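Report on the following structure.
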Amino acid sequence: MIVTVTPNPSLDRTVELAELHRGEVHRALSGRLDPGGKGVNVARALTKAGIDTIAVLPSGRAPGGRLNGLLDALGVQAVTVPIHGATRSNITLVEPDGTTTKINEPGPVLTADEVTEITEQTVARARGASWLVTCGSLPEGMPGTFHGDLVRRARSGGTRVAVDTSGAPLVAAVAACPDLIKPNHEELAELVGRPLDSLGDVLAAARELRAGGVGAVLVSLGAGGALLVEESGEYHAMTPPVAVRSTVGAGDAALAGFLAAGGAGPDALRRAVAYGAAACRLPGSAMPGPLDLPLADVRLHPAPDAALVL
């Protein structure tokens, strides 16, 4: 069982355009609505892979009801915490070359009681789970230590914890020494406070975090693939260039692929990169399934090429 928690989920509306022109009226080529938020996306991909998964999330008003219905239609087992505010809606504009413009609402303001209920529901579901995956931005009213607090409580009960967030919440989570973090290139640079211009720079930053108590670091690098630094070794994997339809959710798909393959080792990294590449080929924030994966295209290197410029 893998449990995910998404403190600020969303309804994700994706609109495909021939070309985006600021200030003009556009006719969409297509549109779709997906349940969104990092942990929700991870749960969607894991469910599609046939892995037992529970997604914990707050849900409020009509948008929350719509989100619940979409998750139910996809077969995702969800534990929803009712909140007074409305679940947010995000908009993504995608052009044919894969250029993505994303507009994210801030989300509802949570009360102290709602934060407590989300936390306790998550901790209860995480007992006995193989992984707790705590993800995404924090809505107003939720303390910046939310992810870090869950790391401490879940790990004290013997559950491994993966974290995918950014900024101050990631700093707080790292201080709690999670088993896995999955930043992207920019989030990792912000975390360590310096530019990371090459794969060697990324590798050095990941090593620092491991030395500070993080169990493993999985860094998604966009077209540069992904880097894994863990106890068993240091690995880099990538695919040839793919025809990008949408990048939304690709990092979430990569994390799901990594966990679906056991959450450690080079084979899990290969699966993560295959999941991320497959997600880029799909519309909106659609999550890939096992039949979508370009596993044969993934190139895995036991020793990273430190000279690779990112």
> If ALA168 satisfies every condition in (1) outside any strand (DSSP E or B); (2) aliphatic (A, V, I, L, M); (3) open to solvent by less than 60 Å² (accessible area, probe 1.4 Å) but one, which is the exception?
Replying inline: (3)
> Which of (1) within 30 Å of VAL81 (Cα to Cα); (2) surrounded by 16 or more Cβ atoms within 10 Å (Cβ to Cβ) does GLY157 not meet, given it meets every other one?
Replying inline: (2)
> When you scan the stretch 199-310 for helices (runs of 4 or more DSSP H) that lie fully inside it, which ones turn up with 1 or more residues that are closer than 28 Å to LEU17 by Cβ?
Replying inline: 250-260, 266-280
>> Any residue that is within 25 Å of ASP52 (Cβ to Cβ) and either touching a strand residue (DSSP E or B) at 6+ places or on another chain (Cβ under 8 Å) or open to solvent by 10 Å² or more (accessible area, probe 1.4 Å) (or both) - is there at least one of those in the stretch 182-196?
In response: yes
> Which residues, counting only those in the stretch 142-190, are free of Cβ contacts under 8 Å to residues at least 24 places away in the same chain and aliphatic (A, V, I, L, M)?
Replying inline: LEU170, VAL171, ALA189
> Which ones in the stretch 231-271 are open to solvent by less than 30 Å² (accessible area, probe 1.4 Å), under 26 Å from ARG13 (Cα atoms) and in contact (Cβ under 8 Å) with a residue 60 or more places away in the chain?
Replying inline: SER246, VAL248, GLY249, GLY251, ASP252, ALA253, ALA254, LEU255, ALA256, GLY257
>> So for the stretch 287-305 (the condition being in contact with a helix residue (DSSP H, G or I) (Cβ under 9 Å, 6 or more places away or on another chain), closer than 27 Å to ILE2 by Cα and buried (at least 23 other Cβ atoms within 10 Å of the Cβ)), does at least one residue qualify?
In response: yes
> Quick one: is THR122 open to solvent by less than 20 Å² (accessible area, probe 1.4 Å) and outside any loop (DSSP other than H, G, I, E, B)?
Replying inline: yes
>> If a residue counts only when it is open to solvent by 30 Å² or more (accessible area, probe 1.4 Å), which strands (runs of 3 or more DSSP E) contained entirely in the stretch 38-114 have at least 3 such residues?
In response: 77-82, 88-94, 100-103
> What about THR92, is it at pLDDT 95 or above, touching a Lys or Arg at 6+ places or on another chain (Cβ under 6 Å) and hydroxyl-bearing (Ser, Thr, Tyr)?
Replying inline: yes
> Among the residues of the stretch 166-195, which ones are more than 12 Å from VAL219 (Cα to Cα) and either polar (S, T, N, Q) or touching a Gly at 6+ places or on another chain (Cβ under 8 Å) (or both)?
Replying inline: SER166, ALA168, PRO169, ALA172, ALA173, VAL174, ALA175, ALA176, CYS177, PRO178, ASP179, GLU190
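The values are calculated or read from the model by the stated rules, or taken from the named source; none is laboratory data. Computed from a predicted model, the values in this text were never measured in an experiment. When we count neighbours, we look across all protein chains shown, and the Cβ atoms used for this are built from the backbone with ideal geometry, even at glycine. These area figures cover heavy atoms from the full protein model, side chains too; ligands, DNA and RNA do not enter into them. Shrake-Rupley method; radii C 1.70, N 1.55, O 1.52, S 1.80 Å.
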